[in-house]
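The values are calculated or read from the model by the stated rules, or taken from the named source; none is laboratory data. Since this is a predicted model, take the numbers as computed values, not measurements. Methodologically, a virtual Cβ is constructed for each residue, glycine included, from the backbone with ideal geometry; neighbour enumeration extends over all protein chains shown. Please note that ligands, DNA and RNA were not included when accessible areas were found on the heavy atoms of the full protein model with its side chains. Shrake-Rupley method; radii C 1.70, N 1.55, O 1.52, S 1.80 Å.
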Amino acid sequence: MTMTESQVPSYFEFHATDAGKRVGGDDMVYTLWIGTNDMGVLLTGNNPEVTVVDVAECMVNWVKVLYEFSGAMKFVFQNMVPLQHTVLYTSNIQMTEQVAAGNELTKLMLQNLVPTLDGAHVAYFDSHSLFQDIFDHPENYLNGTAPFNIAGCITCSGAQGTDQDSYLWFDQLHPSEQADRIVAREIAKVFEGEENQWTTWLS
């Protein structure tokens with residue numbers, strides 16, 4: 001898993017520097033949003049030793065490691081989006097099942113982990129339901145100058161300028177800039193202590 005093998009160790013290396021020591025504090029909130037590439041590896045079978053359980057454990061261990069080794073106390077954990085709606089995995093039943101299983105596993109694992117994190121605050125952000133709502137009701141979220149497009153992607157069509165804000169997907173797998181703005185807006189509400197329908201506080 002790239003995150004635990006390189007990204008987290010790199011963060012700890014940075015944290016030990018003078019610049020890194022200035023990062024953090026009581027107001028620091030850590031958020032994680034991974035799993036898309038991992039689900040693809042499971043689907044292709046390129047690494048048959050890795051299972052959806054391994055992916056879920058990796059995601060949840062991120063919280064535990066940051067809590068134990070860097071004193072992190074505030075987390076926003078984002079689950080996986082409905083990848084079966086991406087161009088790459090359109091209507092793929094196996095992907096639908098993998099994402100559903102992975103999200104349920106991570107939520108259960110987090111619920112079991114939280115009581116061991118004394119004083120920590122962990123929010124579960126339901127990116128899956130948010131993206132499903134964008135997919136079902138694009139008129140409430142997309143605001144570009146082209147017709148709403150939830151099935152194609154910007155790089156597929158060559159959309160330019162404000163037309164791009166009519167798309168849910170940037171390329172065959174990743175969200176568009178407009179979709180990212182929506183996620184950022186909703187996550188910002190969590191940071192500011194506001195209620196939103198996509199967030200459940202586990203502690």
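Odds and ends about this structure:
- Per residue, the average separation of C-alpha pairs within less than 8 Å and at least 6 apart gives the chain a relative contact order of 18 percent.
- Projected-area average for the stretch 148-203 over all orientations - Cα convex hull basis, square nanometres: 4.9
- Taking every full run of DSSP H in the chain, the ones that stretch at least 24 Å from end to end by Cα along their long axis and average -0.5 or higher on the Kyte-Doolittle scale are 52-70, 93-113.
- The gain in end-to-end length when the Thr44 to Asn140 segment is fully stretched comes to 31.1 nm, 0.36 nm per residue minus the alpha carbon separation.
- Reach of Lys21 by Cα under 28 Å, taken over lysines that are not fewer than 8 positions away in the same chain: Lys64, Lys74, Lys189
- Extension gain, Glu68 back to Lys21 (0.36 nm per residue minus Cα-Cα distance, nm): 15.3 nm
- Protection proxy ranking, highest mean first, for peptides 72-81, 183-192, 16-25, 56-65: 72-81, 56-65, 183-192, 16-25, where packing is the per-residue count of other beta-carbon atoms within 10 Å, averaged.
- When you restrict to C-alpha pairs under 8 Å that are six or more residues apart and normalise by the size of the stretch 150-193, the relative contact order lands at 31 percent.
- The stretch 53-139: mean projected area of Cα convex hull, nm²: 6.6
- Between the stretch 25-102 and the stretch 125-203, the Cα center-to-center distance that results, in Å: 18
- Coordinate range of the alpha-carbon atoms in the stretch 120-184 per principal axis, descending: 44, 20, 17 Å.
- Charge sum, other residues only, whose C-beta stays under 14 Å from Ser203's C-beta, Lys/Arg counted +1 and Asp/Glu -1: +2
- Share antiparallel - DSSP beta bridges, the chain, percent rounded to 5: 30
- Within the shell defined by Cβ-Cβ distances under 13 Å, the residues around Val183 carry a net charge of -2, with Lys and Arg each +1 and Asp and Glu each -1.
- Formal net charge of residues neighbouring Glu194 (Cβ-Cβ distance under 13 Å; K, R +1; D, E -1): -1
- When all alpha carbon pairs of the stretch 1-102 are counted in 5 Å bins from zero, the resulting P(r) reads 2, 11, 20, 21, 15, 12, 9, 7, 3, 0 %.
- Isotropically averaged projected area of the stretch 58-203, using the convex hull of Cα atoms (one quarter of hull area), nm²: 9.4
- Accessible area in square angstrom per residue, the chain, 1.4 angstrom probe: 52
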